[in-house]
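Structure record follows, encoded as structure tokens.
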Amino acid sequence: MAEFILVADDEEKIRTMVCQYLEKMGFRTLAVRDGPEVLKALAEHEPDLVLLDVMMPELDGFAIAKRLWNQTSVPFLFMTARDEEADKVLGLELGADDYITKPFSLRELTARIHAVLRRVQTNQKTGHDIRTEPTHLIKWKDLNLDPMAYTVTQQGKLLDLTAVQFQLLSLFISAPGRVWNRTQILENIRDTSFEGYERTIDVHVKNLRKALNDDVKAPRYIETVRGIGYRLVK
């Protein structure tokens, strides 16, 4: 049976647009407009995932998230116009599986939904519940990456990385010692700031090194493989 998505947003246009697209993609949907309706729908149905707007009347998304965290294991994803870092961090700390800001691409939203559902299904098969763990850090040397909050700390200090820099670092850390050429990096990281030109990657890597305080001549993290690309220093 197709996965059932509960769509909660106070804007009728967004509810309709999202539901229609998801149904075309093979999902079943139910749309609600405020916090109390979310709670009512959860009591009457068993959605596989909840799309939760933050700015809703009566009970906002953060208030609903607290109840979801305490009362159910249903995964939920915030979709909101609030793009401040503090709001994103709060949403993730409240247990959200992802956070997407408006306006968003329906294709990207669907891809994120699929990613969350795959992760939940994998956890169910292995008997592993991600909600019982306070963090999902990826550790490398003195770096800690949090892929849910998109943050990196170095020796406990929070680094100011852009989304592209975070993705670059995550890519390198996913395969220490592997050489990544520019084409492979472009294929794995999609961002408008690359503008389709491979050489702009060099600028992003340069800025990432600067943020890491990495010495190009004696690198601790990222080294250049002349004529090919980049790799993480083992």
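Check off (1) modelled with pLDDT of 85 or more; (2) open to solvent by 20 Å² or more (accessible area, probe 1.4 Å); (3) closer than 29 Å to Asp160 by Cα for Leu94 and give me the number that stays unchecked. Of the numbered conditions (1) modelled with pLDDT of 85 or more; (2) open to solvent by 20 Å² or more (accessible area, probe 1.4 Å); (3) closer than 29 Å to Asp160 by Cα, the odd one out for Leu94 is (1).
Could you grab me the full set of residues in the stretch 155-183 that are more than 18 Å from Val233 (Cα to Cα), open to solvent by 20 Å² or more (accessible area, probe 1.4 Å) and in a helix (DSSP H, G or I)? The answer is Ala163, Thr183.
Mind listing whichever residues of the stretch 12-22 are touching a residue at least 12 places away in the same chain (Cβ under 8 Å) and either assigned to a loop (DSSP other than H, G, I, E, B) or of a type in the set (S, T, N, Q) (or both)?
The first filter runs over the stretch 12-22 and keeps only residues touching a residue at least 12 places away in the same chain (Cβ under 8 Å), leaving 12, 14-19, 21-22.
Within the stretch 12-22, Thr16 is the sole residue that qualifies.
For the stretch 141-152, the condition of being farther than 19 Å from Asp98 by Cα, in a strand (DSSP E or B) and hydrophobic (A, V, I, L, M, F, W, C) holds for at least one residue.
Has the stretch 23-35 got any residue that is touching a residue at least 24 places away in the same chain (Cβ under 8 Å), within 15 Å of Thr101 (Cα to Cα) and open to solvent by less than 60 Å² (accessible area, probe 1.4 Å)? Can you show your working first?
Filtering the stretch 23-35 for residues touching a residue at least 24 places away in the same chain (Cβ under 8 Å) gives 25-35.
If we keep only those that are within 15 Å of Thr101 (Cα to Cα) too, we end up with none.
Within the stretch 23-35, none of the residues are touching a residue at least 24 places away in the same chain (Cβ under 8 Å), within 15 Å of Thr101 (Cα to Cα) and open to solvent by less than 60 Å² (accessible area, probe 1.4 Å).
The requirement of being under 20 Å from Lys102 (Cα atoms) and either more than 23 Å from the chain's Cα centre (by Cα) or open to solvent by 20 Å² or more (accessible area, probe 1.4 Å) (or both) is fulfilled somewhere in the stretch 46-57, by at least one residue. One residue stands out in the stretch 135-154 among those that are open to solvent by 50 Å² or more (accessible area, probe 1.4 Å) and among the charged types (D, E, K, R): the one that is nearest to Ala115 (Cα to Cα), namely Lys139.
The values are calculated or read from the model by the stated rules, or taken from the named source; none is laboratory data. Not measured: the values here are computed from a predicted model. As a convention, Cβ positions derive from the backbone with ideal geometry for all residues, glycine included, and neighbour counts pool all protein chains shown. These accessible areas exclude ligands, DNA and RNA; they are computed on the full protein's heavy atoms, side chains included. Shrake-Rupley method; radii C 1.70, N 1.55, O 1.52, S 1.80 Å.
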